[in-house]
Amino acid sequence: MPVLKLYRNGGTAGCAPRHKPHDSALRSTVGGWSTSSIRRNTAFLYSVDSPRLTGHGYALTLTVRDCPPTSDQWHRVRRSFIKWLERRSLIRLHWVTEWQRRGVPHFHMAFWLPEPMAFDLESAMLAHWRKLTSHLGTSTRSQHITPIHDASGWFQYVSKHASRGLGHYQRNPENVPPEWQKKTGRVWGKVGDWPTDDEIRLDITGPAFHRYRRLVRRWRIADARQSLRSAKAPASLRQARRRLVSARTMLSCSDPRLAFVRGVSEWIPLDVNLLLATHAVGDDHVEQSFDEINSVA
């Protein structure tokens, strides 16, 4: 039976496999991004209740010139950097490791501090990063930090990192450094106090699943068209056009059997998602009434 999951910032719908092709085994090491790690990271980002994010937020990208010899060294650098922030009263932090086309890792982070970060603290933070990675040829100009002023800034961070799949070049296994092929270690994580809401799970019928997919596609197309109309700069226009093409082709699949069960995962505000889900399900049987669902909105 198809399953629909509604989160604070997004929604997913898919058909669970009827049987497992093999017994599940415990993973002793992490070998890069996988469909399951992407799904868990996306579900967490979808579930964050942004109005309850206290403090002053920042989006940070940290890069190096040379690839660390081992993934263990990379993760020691990450732990040392986060410990430095924790000594500055870090409230919360989310991080992901991704790869450039040249096979070198970098971090994307979002973190919050109790007070705005003054210029001297920002300089000290970047200086600490350079110290930790001096043997990797780090330069100051390759690091980037942007304040997250409000919920919209957080949503921009969420939408970028919740939309990337294994096909994205920064998560593609082919760009994992050769020395890391057998062990990359964890590729995402979180630290501190994160306000989150539980998912709303609905077991729905096949027709309701297909209606929901079509509604999400229409919403994506409308949202992309709105972005295209409001875009002014050439870069914004190119991005909006790509979004529109992606929205129009999101359900395309050359294999009819796969097309029939292809799931969706999209960043959608909860109030909009509730309307889409209500319209998709209609009178179909669900295990949870929409009176109860709407009480969380």
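The values are calculated or read from the model by the stated rules, or taken from the named source; none is laboratory data. Owing to the predicted nature of the structure, the values given are computational and were not obtained by experimental measurement. Here the Cβ is made from the backbone with ideal geometry for all residues, glycine too, and neighbour counts use every protein chain on show.
Just a few scattered comments:
This table checks each residue for (1) in contact with a helix residue (DSSP H, G or I) (Cβ under 6 Å, 6 or more places away or on another chain); (2) acidic (Asp, Glu).
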position	(1), (2)
HIS56	no, no
VAL64	yes, no
CYS67	no, no
ASP72	no, yes
ARG79	no, no
TRP84	yes, no
GLU98	no, yes
ARG102	no, no
HIS108	no, no
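- Hey, ASP223 within 30 Å of ASP198 (Cβ to Cβ), modelled with pLDDT of 90 or more and acidic (Asp, Glu) or not: yes
- The number of residues in the range 242-280 being under 15 Å from THR12 (Cβ atoms), part of a helix (DSSP H, G or I) and modelled with pLDDT under 90 comes to 1.
- Residues that are acidic (Asp, Glu) and in contact with a strand residue (DSSP E or B) (Cβ under 7 Å, 6 or more places away or on another chain) within the range 260-281 comprise just one, GLU266.
- Restricting the range 134-158 to residues that are touching a strand residue (DSSP E or B) at 6+ places or on another chain (Cβ under 8 Å) and over 30 Å from PRO269 (Cα atoms), the residue that is modelled with the lowest pLDDT: SER142
- Every residue from the range 43-73 that is under 17 Å from the mean Cα position of the chain (by Cα) and in a helix (DSSP H, G or I): ALA43, PHE44, LEU45, TYR46, SER47, SER50
- When residues of the range 19-42 are limited to those that are buried (at least 20 other Cβ atoms within 10 Å of the Cβ) and modelled with pLDDT of 85 or more, the one farthest from the chain's Cα centre (by Cα): TRP33
- Single match in ILE38, ILE82 (criterion: part of a helix (DSSP H, G or I), among the β-branched types (Val, Ile, Thr) and not assigned by TED's automatic domain parsing to the domain that holds LEU6): ILE82
- Within the range 159-177, considering residues that are at pLDDT below 75 and of a type in the set (Ser, Thr, Tyr), the one surrounded by the most Cβ atoms within 10 Å (Cβ to Cβ): SER163
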